[in-house]
Amino acid sequence: MDDRKLAFFTAIEDQGGVIVKETPKFDLDLYIQNYKGRTRFERLLHIGRSSVPLCVDALTAAVQEAKAGSDILRYQMAVNSLFQAAPNEPEAILDKTWMESKEKENRDTTAHLQAELQSYKNNMIKESIRMGTEDLGKHFQSIGDVEAAMDSFWKMRTEVSSTEQLVDIGKLLVRVAIERRDWKSIGSHLKPLNMVNDSDPKAKALKTYSKIANGIAALGQERYKEAAFCFVEASSGVPPEIYNQIASPNDVAIYGGLLALATMDRHELQANLLDNDSFREFLQREPHIRRAITQFVNGRYAACIEILESYRPDYLLDIYLQKHVPKLYADIRTKSIVQYLKPFSCVRLDTMQKAFNGPGPSIEDELFTMIKDGKLNARIDAINKSITPISTDSRQQMQSKALQTLENYEKQALDRIRRMNIMAADLEVKGSRKPGGMNDISLSMTMDDTASLA
């Protein structure tokens, strides 16, 4: 790494950014082809400011992507980042002529669309007002004024005349909300999509769009299990063009697989992912996720973690997943360790070291932290270097309950036999018997009975 790039990434790291030094497994050109719209630039800039190996290529592509659009601020951001990392690149110099020309073009287009919309309002043509407001909102979004875009799209709601138009407005609002990272509002924007009747030919596509958008919103709010079910319930039969402005089919597989591994047990993983024909189609695009899930379900936890660790650099370069990767990986690892210990009464620490850490740092500190945090119910023997799970096995509880039931039955049987013998001896039984025993039976015998017994 040269000095300029080192200084660039050092500054980003000082600001709290995540730096990925390993080379990811995906090809940048093939990766970005999965997307359309403004998310392409977001992803390229994110990769360029996070990945050391892909920095120059991603930022160069981001400059070209911005220049193909109308957002001058995005173009400046990409050029400034590229100049800091690689000042000798041709794209690292601001094209002021293009900026001035584009700024004038944007200003003229804004004035034209506003005048056109005002003309429609004066003529009170409802459909034209709706279309003019939509054109103006899309223009505002294309130049980077997302607040004005959101305001325009919101005003369209008063001009709708059909359910289809309401659905289109919902999708426009969702895209702007995702760009603003306004996760909480996404659910309300998606309501028109969820209300579409199942008999509608577009229902399947709209509900898949809704599931993916809801999943991204839930992920952003760290509601991981809810997000997992959203992605798992998406339909693989829907063309990617329906939702590729917010995510790709590969993203659905990765997000759904990782979130499910972190939040679902083995039975849920089998039922909701591996036995789910629709989601299995998504998993075919990311076979390593399918292998990791299969290994976890089959009890090969170390193999599952090893697969996921080999793809960590890729996931750290995702715009939605990056900040959640450490927690998701920690949750998956914790679940794996807990599940690994379940069948054993005692495990040596060196065995667990080989299974989970290899030649790395000792696993003893990690186990101690898990026990302290209440995530693992076990005791560590520091002298013999072993860990003993404190059994809460339901099988043992069932056996204890069965033994207790047997003792109660034996006691009641003896009480009944004793009572039968008393009755057979013509003894008089007085008083009431308390349920469950014969402890309070009071007996009285006649003088003849006493004499005969004597």
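The values are calculated or read from the model by the stated rules, or taken from the named source; none is laboratory data. As the structure is a computational prediction, the values presented were derived from the model and not from experiment. Positions of Cβ are backbone-derived with ideal geometry, glycine not excepted, and every protein chain shown enters the neighbour counts. Side chains are part of the model used for accessible areas, which takes the heavy atoms of the whole protein and leaves out ligands, DNA and RNA. Shrake-Rupley method; radii C 1.70, N 1.55, O 1.52, S 1.80 Å.
Overview of results
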{"read-out": "Residue within the stretch 286-298 that is part of a helix (DSSP H, G or I), touching a residue at least 40 places away in the same chain (Cβ under 8 Å) and closer than 15 Å to Leu258 by Cβ present", "value": "yes"}
{"read-out": "Which listed residue is of a type outside the set (D, E, K, R), within 26 Å of the chain's Cα centre (by Cα) and under 21 Å from Tyr31 (Cα atoms), from Gln284, Gln270", "value": "Gln284"}
{"read-out": "Selected residue [open to solvent by 90 Å² or more (accessible area, probe 1.4 Å), hydrophobic (A, V, I, L, M, F, W, C) and closer than 25 Å to Val196 by Cα] from Met156, Met131", "value": "Met131"}
{"read-out": "Residues being part of a helix (DSSP H, G or I) and either more than 24 Å from the chain's Cα centre (by Cα) or not β-branched (Val, Ile, Thr) (or both) - total across the stretch 38-68", "value": "21"}
{"read-out": "Members of the stretch 218-232 that are free of Cβ contacts under 8 Å to residues at least 40 places away in the same chain, over 15 Å from Arg280 (Cα atoms) and open to solvent by less than 20 Å² (accessible area, probe 1.4 Å)", "value": "Ala218, Ala227"}
{"read-out": "First in the stretch 11-35 and touching a residue at least 40 places away in the same chain (Cβ under 8 Å), second anywhere and surrounded by 14 or more Cβ atoms within 10 Å (Cβ to Cβ) and of a type in the set (Gly, Ala, Ser), Cβ under 7 Å, 6 or more apart", "value": "Val18/Ser50; Val20/Ser50; Val20/Ser51; Pro24/Ser51; Asn34/Ser248; Tyr35/Ser248"}
{"read-out": "Residues of the stretch 171-194 satisfying the condition of being farther than 15 Å from Ala227 by Cβ, of a type in the set (A, V, I, L, M, F, W, C) and in contact (Cβ under 8 Å) with a residue 24 or more places away in the chain", "value": "Leu172, Val174, Val176, Ala177, Leu193"}
{"read-out": "Filter result for the condition that a residue is open to solvent by 20 Å² or more (accessible area, probe 1.4 Å) and out of contact with any Gly (no Cβ under 8 Å at 6 or more places or on another chain), over Ser142, Ser162", "value": "Ser162"}
{"read-out": "Meets criteria (of a type in the set (S, T, N, Q) and either free of Cβ contacts under 8 Å to residues at least 40 places away in the same chain or open to solvent by 40 Å² or more (accessible area, probe 1.4 Å) (or both)) for Ser235", "value": "no"}
{"read-out": "Residue count, the stretch 145-176 (criterion: over 24 Å from Ile212 (Cβ atoms), at pLDDT 90 or above and in a helix (DSSP H, G or I))", "value": "5"}
{"read-out": "Within the stretch 246-285, considering residues that are part of a helix (DSSP H, G or I), in contact (Cβ under 8 Å) with a residue 60 or more places away in the chain and among the aliphatic types (A, V, I, L, M), the one nearest to Lys36 (Cα to Cα)", "value": "Ile254"}
{"read-out": "Qualifying residue in the stretch 348-359 (condition: in contact (Cβ under 8 Å) with a residue 12 or more places away in the chain and in contact with a Pro (Cβ under 9 Å, 6 or more places away or on another chain))", "value": "no"}
{"read-out": "From Tyr35, Tyr75, residue being among the aromatic types (Phe, Trp, Tyr), assigned to a helix (DSSP H, G or I) and in contact with a helix residue (DSSP H, G or I) (Cβ under 8 Å, 6 or more places away or on another chain)", "value": "Tyr75"}
{"read-out": "2 or more residues at pLDDT 85 or above and open to solvent by less than 40 Å² (accessible area, probe 1.4 Å): qualifying helices (runs of 4 or more DSSP H) within the stretch 306-388", "value": "312-315, 325-341, 364-372"}
{"read-out": "Failed item in (1) within 24 Å of the chain's Cα centre (by Cα); (2) of a type in the set (A, V, I, L, M, F, W, C); (3) surrounded by fewer than 17 Cβ atoms within 10 Å (Cβ to Cβ), with Trp98 passing the rest", "value": "(1)"}
